[in-house]
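The values are calculated or read from the model by the stated rules, or taken from the named source; none is laboratory data. Since we're looking at a predicted model, the values are computed, not measured. Virtual Cβ from ideal backbone geometry, glycine too; neighbours counted across all protein chains shown. Just the protein is used for accessible areas: all its heavy atoms, side chains included, with ligands, DNA and RNA removed. Shrake-Rupley method; radii C 1.70, N 1.55, O 1.52, S 1.80 Å.
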Amino acid sequence: MLKFNFYGHACFLLDDGKYKLLFDPFLSGNPQAAIKPDDVKADYVFVTHAHGDHVGDAYDILRKNQATLVCIPEVADLVGDEVKSIGMNLGGTIKLPFGFARMVPALHSAGVAGGTCCGYVVHIADKNIYFAGDTCLFSDMKLIGERDKIDYAVLPIGGHFTMDAYDAARAVEFLGAKNVIPVHYNTWQPIEQDAEEFKKLIKGAAVHIVKPGESIELA
Ligand code: NI
Ligand code: MN
């Protein structure tokens, strides 16, 4: 059984009952935050890029949990030597005890000199979960869906800093995703978005609107 716990904005936890994978842990200063950084349990922390609304509380959570950071080297350098980290880069795949993690492109600024934003395809509990990070729509999402059958795509829909609902709907088509979970919207006024309107744009995939603090089982 694989659970998706949504903590608000673009922060979520995948939990297969043995391993806890935390993504983009922005909680302090996040108006949607559904959990305190001190209460988060994680084995791995994945960070897509160094903007504050993604790297967030990574450092404190990593130290407290003795967790392992997965990210590009430039972000790992920001966090420093006191935490365990696995630096990787676009196109790379690492085997981890729960399955694998593949780092895939995202088109967005990096938030740190010399870096790049990224997304991830994570294989856990026999499922492939794609987290786009912050990105615009790009046609090479088709390649991501060709390589790995995407069971769940976690996509930003808020616009302004990332793709909006319209482009995210195209992304679902490019990926051939079976299920989609919208994130990165309604945190602040510039990224206000009606998730129900997004849902209406999607054909051929199930849309799961998860509110901050809610969790769903990824079936
Ligand atoms: Ni960003
Ligand atoms: Mn962002």
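Structural remarks
- Residues in region 21-52 that are farther than 13 Å from Asn5 by Cα, within 16 Å of ligand 2 (Cβ to nearest atom) and open to solvent by 30 Å² or more (accessible area, probe 1.4 Å): Ser28, Gly29, Pro31, Gln32, His51, Gly52.
- Residue pairs whose Cβ atoms lie under 9 Å apart, sitting 6 or more positions apart in sequence or on different chains, and linking a residue in region 208-219 that is assigned to a loop (DSSP other than H, G, I, E, B) to a partner that is surrounded by fewer than 14 Cβ atoms within 10 Å (Cβ to Cβ), are Ile209/Glu196; Leu218/Met1; Ala219/Met1.
- Summed over region 108-138, residues that are within 16 Å of ligand 1 (Cβ to nearest atom), under 23 Å from Leu96 (Cα atoms) and buried (at least 23 other Cβ atoms within 10 Å of the Cβ) total 7.
- In region 139-166, the residues that are without any contact (Cβ under 8 Å) to a residue 40 or more places away in the chain, in a helix (DSSP H, G or I) and surrounded by 19 or more Cβ atoms within 10 Å (Cβ to Cβ): Met141, Gly145, Ala165
- Scanning region 4-58 for residues that are of a type in the set (S, T, N, Q), within 16 Å of ligand 1 (Cβ to nearest atom), more than 13 Å from the chain's Cα centre (by Cα) and within 25 Å of Gly87 (Cβ to Cβ) yields a count of 0.
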